[in-house]
1. Could you check the range 121-165 and list, in sequence order, the residues that are in contact (Cβ under 8 Å) with a residue 24 or more places away in the chain and hydroxyl-bearing (Ser, Thr, Tyr)?
2. Among the residues of the range 93-117 satisfying the criterion of being surrounded by fewer than 22 Cβ atoms within 10 Å (Cβ to Cβ) and more than 11 Å from the ligand (Cβ to nearest atom), which is nearest to Gln172 (Cα to Cα)?
3. Identify all residues within the range 126-176 that are within 14 Å of the ligand (Cβ to nearest atom) and at positive phi; write none if there are none.
4. May I ask you to verify whether Gln172 is closer than 23 Å to Gln115 by Cα and not charged (D, E, K, R)?
5. Can you run down the residue pairs with Cβ atoms below 7 Å, 6 or more apart or on separate chains, where the first is in the range 211-234 and open to solvent by 50 Å² or more (accessible area, probe 1.4 Å) and the partner is β-branched (Val, Ile, Thr)?
6. Out of the residues in the range 1-30 that are modelled with pLDDT of 95 or more and hydroxyl-bearing (Ser, Thr, Tyr), which is farthest from Ala150 (Cα to Cα)?
7. With Thr124, Thr162, Thr134 as the choices, which residue is open to solvent by 10 Å² or more (accessible area, probe 1.4 Å), polar (S, T, N, Q) and under 30 Å from Asn194 (Cβ atoms)?
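The values are calculated or read from the model by the stated rules, or taken from the named source; none is laboratory data. A quick note: this is a predicted structure, and the numbers were derived from the prediction, not measured. Here the Cβ is made from the backbone with ideal geometry for all residues, glycine too, and neighbour counts use every protein chain on show. Surface accessibility is based on the protein's heavy atoms, side chains included, excluding ligands, DNA and RNA. Shrake-Rupley method; radii C 1.70, N 1.55, O 1.52, S 1.80 Å.
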Amino acid sequence: LGGNNVSKIIILGISASPRHGNTEALVKEALMGAAEVEGVQTKFIGLAGRQINPCKGCVNICHPAITEAKPEKIVDRPWHLCPQKDVMHEVWDALVEADGIILGTPVYYGEVSAQLKAIMDRCTSLARIMADGTIKPELKYKVGGAIAVAGCRNGGQERALTTIVHFFMFQQMFPVGLPEVEDQAWGVAGCGNNPGDVLKDKWASWFGKEVNSVNNARKLGKSVVTVAREIKGKLI
Ligand SMILES: Cc1cc2nc3c(=O)[nH]c(=O)nc-3n(C[C@H](O)[C@H](O)[C@H](O)COP(=O)(O)O)c2cc1C
């Protein structure tokens, strides 16, 4: 886990939209919610205007099970052996240093953006060989929160959220959702088309209470902090 002080929690938010739009806005709201908790440090990475390439599958270069087995190739952070020089180098280090990770995506054809899929695929290199020979995924025991924004109310947010949650599970992370039953379940499902629309997105809950995406994002940020602190306290 990032750092070694349970009172200090690092929360990373990533917006995998190619524009400064709704996803970016909600991820920043989630980070604001997280930052309201004392001792929390937040970091934002947005992919708008940044170069990110898909994984080329040359895992014999970056995957620790192979690279670290060759003594001449032992490196502290094998993911930096990736020959593609793009934003992933910044993303990898930020992911490894964080205690909690909030991933946000626009919904494209009912799924996560190609940019987020590229991040997920290229996290294959995020592992390390331990003294006993086992491989420890670098993101193990970190806490994850998911955000998806689509143009329509039922435009594929749930499927995109599920993809993110599956990624967290694959990495042996702990996915967390929203704390109250009448909010949303396994992440924030925002609705909006033009940049900024999602900041006005609201609807009535089961009980007739007004619910909105900004509050949900802030609650998600806080949930990630709460669980990250709990887990970090147990591990240290
Ligand atoms: C390539 C593309 C595919 C899209 N697919 C969907 C979709 O399947 N469902 C939907 O409701 N909206 C879809 N949209 C609309 C976006 O999800 C919506 O504009 C969202 O606000 C984009 O987030 P951003 O502002 O963070 O970029 C699509 C937009 C684009 C550009």
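1. Thr124, Ser125, Tyr141, Thr162, Thr163
2. Selected residue: Val96.
3. Matches in the range 126-176: Gly156 only.
4. So Gln172 passes the test.
5. Lys222/Val37; Arg229/Val6; Arg229/Ile9
6. Per the stated criteria, the residue is Ser15.
7. Thr162
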